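To start, the structure under review is shown below, and the notes come after it.
The values are calculated or read from the model by the stated rules, or taken from the named source; none is laboratory data. Because the structure is a prediction, the values reported are computed rather than measured. The accessibility values were calculated without ligands, DNA or RNA, using every heavy atom of the protein model including side chains. Shrake-Rupley method; radii C 1.70, N 1.55, O 1.52, S 1.80 Å.
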Amino acid sequence: KGAVYLNMVPPRPRPHALPFQESSLERRVADGLFGMPLVGRFENESLRKVGLFMTPSEYQLRQAMMQGVVGQKEAAVIPLGVNHSEFHPADEEEPFVLYVGRIHPHKSVELAIKAMKNSKSDFSFVIAGEVDVTTVEYMKSLLGLAERLNITDRIRIMLHPSEEQILDLMQRCSVFLFPGTIETFGLVVLEAMACGKPVVACNRGGVPEIVGDSGFLLEPRIDSWHEAVVKLLSDPGLRRRMGQKALERSLAFSWRKTAEQLLISFNSLPASD
């Protein structure tokens, strides 16, 4: 028997599909090939040998169950962890707001940019992440949005940051923004919390399971996000209190706990025939 770790974006039918989920010709051809009877028989046989499905969040488990992937199989939610000896507060704060992650349409970075309009002008917004040939146009659209909002001088994009640069940014930022709505977990959110930073995120996907009541969990609406950003940037005391609460919450997540939960799940499986 084997175990399968699920960490996928659930497909959505039109008109609810996000732009990157809409089927291209290549995707339709690939789906057709994987839908062939021979492949289906192989898949069914493989699933019969799976003893355990694991997911990083309750959200991902629900999605897998809705899609019929898990079915009657054993399943376990095993959250990811954070290395607190690496991600920790540095007692620094500089006047910038931070987003870390892929610069991709399904990350909804435009929501965070719009939230910066009419906020304190001495705070900039740093977007640190990966871009490839398929998402260059999206990045350009974000810059165009900043120009239309007249906040171009406050937007900085850092492409392909190293792990050391990401850690440095997390330890120095004032607020961490994460506008994605379909994340299965959101590891960067947990890392920012471990650095003692207040978090503003959407109340969607697996992120609320990390943040809990230690940050702003909001509907993906511009008015809600703008209000939260303005409130945090204008109140240093609130930032400190929320950052401390985020740090305390992050202590519930560690790679040791992840490993322990993995071992417990493996040991709970019945012996193979």
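Values as computed for the structure displayed
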| quantity | calculated |
| --- | --- |
| Rounded percent of accessible protein surface that carbon and sulfur make up, the range 107-189, 1.4 Å probe | 50 |
| Flagged links, alpha-carbon separation over 25 Å, of Lys140/Lys245; Lys197/Lys257; Lys197/Lys231 | Lys140/Lys245 |
| Relative contact order %, the range 114-273, counting alpha carbon pairs below 8 Å whose residues are six or more apart | 22 |
| Length released on extending from Thr134 to Asp122, taking residue separation times 0.36 nm less the Cα-Cα span | 1.0 nm |
| Rg ratio (alpha-carbon, reference 2.2 N^0.38 Å) - the range 101-186 | 1.06 |
| Accessible area per residue, Å², the range 232-273 with all protein chains present, probe 1.4 Å | 68 |
| Straight-distance crosslink candidates among aspartates and glutamates, where the alpha carbon sits under 19 Å from Lys107 and sequence neighbours closer than 8 are dropped | Glu22, Glu130, Asp132, Glu137, Glu183, Glu191, Glu209, Glu219, Asp223 |
| Cα shape, the range 67-120, gyration tensor, a/c 1.5 rule | oblate |
| Of all accessible heavy-atom area on the range 224-273, the percent that carbon and sulfur account for (1.4 Å) | 57 |
| The range 144-194 - accessible surface per residue (Å², probe 1.4 Å) | 39 |
